[in-house]
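Taking it in order: structure first as structure tokens, then the write-up.
The values are calculated or read from the model by the stated rules, or taken from the named source; none is laboratory data. Computed from a predicted structure; not experimentally measured. Reconstructed Cβ throughout: ideal geometry from the backbone, glycine too, with neighbour counts over all protein chains shown. For the accessible areas, the whole protein counts, side chains as well, though only heavy atoms, and no ligand, DNA or RNA atoms are used. Shrake-Rupley method; radii C 1.70, N 1.55, O 1.52, S 1.80 Å.
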Amino acid sequence: MKIGLVGLPGSGKSTVFGALTGLVVETGFGGRKDKANLGSVKVPDVRVDALAKLYDPKKTTYAEIIFTDLAAGTGEGLDRGVLNSMRNLDALCQVVRAFPDTAGAAGDPLREITELELETILADIEIIEQRVARLRKDRSDPRELKLLERLQGELEAERSLRRVELSDAEHHLIAGYAFLTLKPLLLVLNVPEDDVGKDVPGDVVAAAKERGLGLVVLSAQVEMDIAQLDEADQQEFVASLGLEEPAKNRFVRAAFDLIQLITMLTSGPDECRAWPLARGTPAPKAAGKIHSDIERGFIRAEVISWQDLVEFGSEAKCRDAGKLRVEGKDYIIQDGDVVNFRFNV
Ligand SMILES: Nc1nc2c(ncn2[C@@H]2O[C@H](COP(=O)(O)OP(=O)(O)OP(=O)(O)O)[C@@H](O)[C@H]2O)c(=O)[nH]1
Ligand SMILES: [Mg+2]
């Protein structure tokens, strides 16, 4: 799963990326314009923490997201190349500048939010126009034509496609176009260091709400400083800012939620682990994520909810208390299920 950090030049994308991944990347307007940064980030998960506490396993494995910090392009706004790279991503996080730039100019979050929205709307219109012209000419697919005309109307009224209600069949019909305004989007308001923990400006909250977008507030600079400390110092520093945890954790969890995955858990003395799954994944297919042999030889899944396992303290105690369910091949894995697969070899 790949999530892109997008936004206007200088909004703080590379700084956020550095804070997320702990990688040192070039920041500032002088940075390289032709190369995207890629890095994987662990998704913090209290469920995995709780299981690891219980089992003290040799290895603890969290879900991961690949973040990419897109090259800024050369112009003032977003260039073609940047918009095109955005099409290959599963979701977008827009970094919005609310801190004063090096020249001292205050941020203008609303302008940045609207500008990216408009640029992506225009890019989608361009794709739709070409396709509509073709469909009108060869009359090959009236159903698709009708849908695209409807979407074109929405875009021309400056509405993102994620605000349009679409059936599953309609989503399926247009999936191949990778419309930018249909991709899940999270706003990341990058505030000045002194504003950490303060109230978020009401107009930004309203803009996010109006568009149905998530909003995370952080200071990329502060998060970068935190990321560069070792773990013990990190906690102290975070506490001194009056925070419970780095904003980075909130951000990564929100980004993970954006791609609408659920988490299956496995636990034992060797490893406690989170497995990201698409909603609606049946047990054998989930088993296949662990190993294709387990999917092939699938007999049953023994399932305990993570809360029960933590509360009762062991699989055996859960079994005695009737908290362990035995599920067959049609079972759909639920978020937070701790699963032990039984299989033939
Ligand atoms: N004070 C302050 N400065 C920041 C913050 N985040 C980024 N900056 C500075 O703003 C400038 C631009 O940050 P970058 O992270 O390079 O922004 P970018 O979006 O990657 O920029 P391009 O790749 O050129 O589009 C750099 O000089 C950063 O040090 C912040 O939270 N506070
Ligand atoms: Mg950059």
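Side notes on the structure shown:
- Residue-level check: of (1) part of a helix (DSSP H, G or I); (2) assigned by TED's automatic domain parsing to the domain that holds residue 141; (3) open to solvent by 70 Å² or more (accessible area, probe 1.4 Å), residue 250 misses just (2).
- Scanning the stretch 311-345 for residues that are closer than 16 Å to residue 272 by Cβ and surrounded by fewer than 19 Cβ atoms within 10 Å (Cβ to Cβ) yields 313, 314, 315, 336, 340.
- The helices (runs of 4 or more DSSP H) found entirely in the stretch 89-190 that carry 3 or more residues being open to solvent by less than 20 Å² (accessible area, probe 1.4 Å) and within 26 Å of residue 254 (Cβ to Cβ) are 109-138.
- Residue pairs meeting the criteria (Cβ under 8 Å; at least 6 apart or on separate chains; first away from ligand 2 (no atom under 13 Å from the Cβ), in the stretch 69-83; second among the hydrophobic types (A, V, I, L, M, F, W, C) and at pLDDT below 70): 81/71
- Residue in the stretch 318-333 that is modelled with pLDDT of 95 or more and under 23 Å from the mean Cα position of the chain (by Cα) present: yes
- A single entry from 193, 223 fulfils the requirement of being within 16 Å of ligand 2 (Cβ to nearest atom), in contact with a helix residue (DSSP H, G or I) (Cβ under 7 Å, 6 or more places away or on another chain) and either in the same structural domain as residue 91 (by TED's automatic domain parsing) or at pLDDT below 90 (or both): 223.
- Within the stretch 311-334, not a single residue is under 21 Å from residue 62 (Cα atoms), among the charged types (D, E, K, R) and touching a residue at least 40 places away in the same chain (Cβ under 8 Å).
- Taking the stretch 61-72 as the range and being outside any loop (DSSP other than H, G, I, E, B) and under 17 Å from residue 253 (Cβ atoms) as the test, the residues that pass are 61, 64, 65, 66, 67.
- Residue 70 being in contact with a Leu (Cβ under 8 Å, 6 or more places away or on another chain), modelled with pLDDT of 95 or more and surrounded by 15 or more Cβ atoms within 10 Å (Cβ to Cβ): no
- The stretch 20-35 - residue that is closer than 19 Å to residue 190 by Cβ and more than 9 Å from ligand 1 (Cβ to nearest atom) and, of those, modelled with the highest pLDDT: 20
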